[in-house]
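Asks: I am attaching a structure below and will ask some questions about it afterwards.
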Amino acid sequence: MLRPSPSLGRAWPWDDDDTVAFATFRTSDSPAAAFCRDAMIAADFNVVQERVVESDRSLSNYAVLHDLDYLNFETLDRGDDADGLAEGRRRLVHIIDRALAMCAPKVKPVAR
């Protein structure tokens, strides 16, 4: 079961409905139990909360059922030409860097 919490500002990189952060939680918990969910919503991420009833064999389901902190980010397919791939990469790197700073501040980004 998916519960959206859309970005209100819709600022880049959240300016389309297909750029999302997934936050999973067990069926016995509230959505707020999902790793970093509250921080991402407060930072105006486009968050999709997934309630895991039983595993669908995905990595996100495995992580939540084994008490592992896990986030999944996806963005709109912008094509497989150089410009489309570069834009998808820019978006995902930006999202991952922000999420790491908020959700795992002890993890330092790798220099690029």
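The values are calculated or read from the model by the stated rules, or taken from the named source; none is laboratory data. Please read all numbers here as calculations on a predicted model, not as lab measurements. Here Cβ is always computed from backbone atoms with ideal geometry, including for glycine, and neighbour counts include all displayed protein chains. For accessibility, only protein heavy atoms count, side chains too; no ligands or nucleic acids. Shrake-Rupley method; radii C 1.70, N 1.55, O 1.52, S 1.80 Å.
Asks: Name the residues in the stretch 64-96 that are open to solvent by less than 40 Å² (accessible area, probe 1.4 Å), of a type outside the set (S, T, N, Q) and touching a Ser or Thr at 6+ places or on another chain (Cβ under 7 Å), would you?
Replies: 64, 88, 91
Asks: Now, a different point. Within the stretch 46-63, restricting attention to residues that are charged (D, E, K, R) and exposed (fewer than 14 other Cβ atoms within 10 Å of the Cβ), which residue is farthest from residue 29 (Cα to Cα)?
Replies: Filtering the stretch 46-63 for residues that are charged (D, E, K, R) and exposed (fewer than 14 other Cβ atoms within 10 Å of the Cβ), the one farthest from residue 29 (Cα to Cα) comes out as 57.
Asks: Tell me, please, whether a residue that is more than 16 Å from the chain's Cα centre (by Cα) and among the β-branched types (Val, Ile, Thr) can be found in the stretch 46-57.
Replies: yes
Asks: Okay, next question. Can you pull out every residue in the stretch 36-45 that is open to solvent by 60 Å² or more (accessible area, probe 1.4 Å) and either within 13 Å of the chain's Cα centre (by Cα) or closer than 14 Å to residue 3 by Cβ (or both)?
Replies: Of everything in the stretch 36-45, just one residue is open to solvent by 60 Å² or more (accessible area, probe 1.4 Å) and either within 13 Å of the chain's Cα centre (by Cα) or closer than 14 Å to residue 3 by Cβ (or both), namely 38.
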